[in-house]
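**Student:** My structure is below; once you've seen it, I'll send some questions.
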Amino acid sequence: VEERPMWEPEAWGSSGGWPPPRGARAGPSLSSVLNELPSAATLRYRGPGVLPWGASEEEEEDGERNIQAIAEAAQKELEEPLPSRELPWPLQARRAHRQSHAKDQRTQKSGSRGEQWALWLRRSKEKMKAGLHTLQPWAWTLKRIGGQFGAGTESYFSLLRFLLLLNLLASILKACMTLLPTWLEGTPPGPPGPNGSSPCGFYDPNLQGLVAFPTHLFNLLSGEGFLEWSPLFYGFYPPRPHLAVTYLCSVFVIGLLDLLLILHRSVTPKASVGPGGIEPKWTISWPQVELEEAVVRRQAAVRTLGQQAWVWSVRILLNLLVIALLGTAFYGVYWATGATVDLQEMPLVQEMPLLKLGVDYLPSIFISGVNFLLPPVFKLIAPLEGYTRSRQIVFILLRTVFLRLASLLVLLFSLWNQITCGGKAEAEECKTCGYNYKELPCWETRLGQEMYKLLLFDLLTGLAVMLLIQFPRKLLCGLCPGALGRVVGTQEFQVPDEVLGLIYAQTVVWVGSFFCPLLPLLNTVKFLLLFYLKKFTLFSTCSPASRTFRASTVNFFFPLVLLLGLAISAVPVLYSLFLIPPSKLCGPFRGQSSIWAHIPESIYTLPQTVQDFLFFLGTQAFAVPLLLISSILMAYTLALANSYGRLISELKRQIETEARNKVFLAQRAVALSSARGAL
């Protein structure tokens, strides 16, 4: 967690580190002196192209209109570099720029054609990079957000843009590998009618007779009725050999592509790091954070045995409370999923479409409710455990991540319990077809509907929070002047909660993309709308956070959680592919013993050389060397990470020492100034 430059000299004096100087009655205060330090002054530099604090909205709009002029100026700077002393860079970066410029001048003076070609190629590469950077969507918006709200908030919108790209690529692949083959081979047939010879009954989701408009609207929200037999869901696609192969391959291609792009983004240096590899807000904010945590660690070191026992007792009780809250939330999700089927059969629910819609959304309501209510409770519990601030943030994040992902797993487990009769293949409902065909004649479509409702309800919840909570708080701030209005109306953009919400939404899409092929397209539209809604909310209702979240944590921890979400989403999808029999009345794999069984049958139709190669990939001769190479690379990566960790620890100690020196010198300066004023 980063600290904004709001120094509290009383806190330093009371911590036992440095006593405040006596007689300091006149002259500048310690806070004013600290804010005049060079490190605090550099915080006011918000990056190129970003207007300073206090700029009017008209100036901001003019700056956004002049983005083309800024891009042209950047290209002109590449052609005619500025002198090093005029660049707002650190000394090390200026020295590197001066050396590079001197080398270019020597190359131009020398008549070597090869060196001149190398210089031309390097400058062309820099121009191309600058041009591609200007073509990135919302580049100016992200720069403006980073300048006014910090690098952590900018990283949230950068992650949102990245996930939007993932969903757009997945939508294109789904259209090319699923929709296009479906229509090229002819018009898909309708749902199967009543067939007395089928042991698994019949499946016809289309409503008969005249359907009222409210019923169509409720079907649009629940994914039933006319949407249930549409390209949106799995059951619509006919059993064609080529379509079955492309349908299944699209899932693996999208998963592999997402994995590679996430890994590439995790290891690529971020643009928020300035020249010389220094991230200004991160390095400036560390001294105060480190000193505060040093105070907490010193207090923990001098605790008596009785105090230690009391602290650990409180921690154990609070963790038991957290476990009880999580258990209650998971049981509520499990109960809501199981009770939905029973409630839908009640005559009163079937007669009232609005009540039926509420019953359909019961699992989504429970999941969104616990995700909305429990994270603030975790924030209230964390300070009571007596940890440092950074460790409090870690515990809050871990508990919130576990809540969001585990609630989704509980929903999937409850649905699996309904589909497979609790894993009892000999049960009466599942003995005939291998799944509960009476309640779920097309269980893949039912899974897709649940993911569809989760995505839609998550968007509706975000809109409701913005319209019913955030904007009224801002209006209340204007209507109630004074301290009450400031306390009630001041809102900060909570980066951890917002980022975890994005990861949860993307995990839902990864789980449901096999059962609802158009879900990535819907999520693309959702993220596009969410970007503009969050941007509008940020600039209209939120103020810069007093404790902004580190961009370095966003760039490391949250991609790790994103990879965890991808791994968790792969578990139910792979289990469905290999172990659960596909529905006998819908989908491209009807009539197969398992969804994966169609792949070996298709491989046997290929040439013998291709068959041998594909079967070799599944043998031990390929798996063992691959495992050894992966183990070596992992060991090397861990050793490299340990060396970097030791270096980071040493840099932390150096930063803490520099912070102590600054505070000590500032106190001496205040004391000397006060003494001169007294004389």
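None of the figures in this text is laboratory data; all of them are computed from the coordinates on show. Owing to the predicted nature of the structure, the values given are computational and were not obtained by experimental measurement. Cβ sites come from the backbone with ideal geometry, for glycine too, and all protein chains shown count toward neighbours.
**Student:** For residue 424, list the lysines whose Cα falls under 24 Å from its own Cα; do not include residues on the same chain fewer than 8 positions away.
**Tutor:** 438, 584
**Student:** Now, a different point. May I ask for the distance between the Cα centers of segment 599-624 and segment 502-534, given as a whole number of Å?
**Tutor:** Between the Cα centre of segment 599-624 and that of segment 502-534, the gap is 35 Å.
**Student:** Would you work out which of 343, 158, 233 lies farthest towards the positive end of the dipole of segment 146-605? Charges go on Cβ: Lys and Arg +1, Asp and Glu -1.
**Tutor:** 158
**Student:** Within the set of other residues whose C-beta is less than 11 Å from the C-beta of residue 368, count the net charge using Lys and Arg as +1 and Asp and Glu as -1.
**Tutor:** Working: positive: 404, 453; negative: 458.
Net charge in that neighbourhood comes out at +1.
**Student:** Let me ask another. What's the exposure ranking of 634, 352, going from fewest to most Cβ atoms within 10 Å?
**Tutor:** 634, 352
**Student:** Of the listed pairs 143/474; 143/526; 474/535; 125/535; 379/526; 379/652, which have alpha-carbon separations greater than 21 Å here?
**Tutor:** Table pairs above 21 Å Cα-Cα are 143/474; 143/526; 125/535; 379/526; 379/652.
**Student:** Amide H of residue 516: which non-local residues (sequence gap of 5 or more, or other chain) have their own amide H closer than 5 Å, using H built in the peptide plane?
**Tutor:** Here nothing satisfies the definition.
**Student:** Which semi-axis lengths, in whole Å and largest first, follow from the square roots of five times the eigenvalues of the Cα gyration tensor of segment 146-605?
**Tutor:** For segment 146-605, the ellipsoid semi-axes come out as 44, 25, 23 Å.
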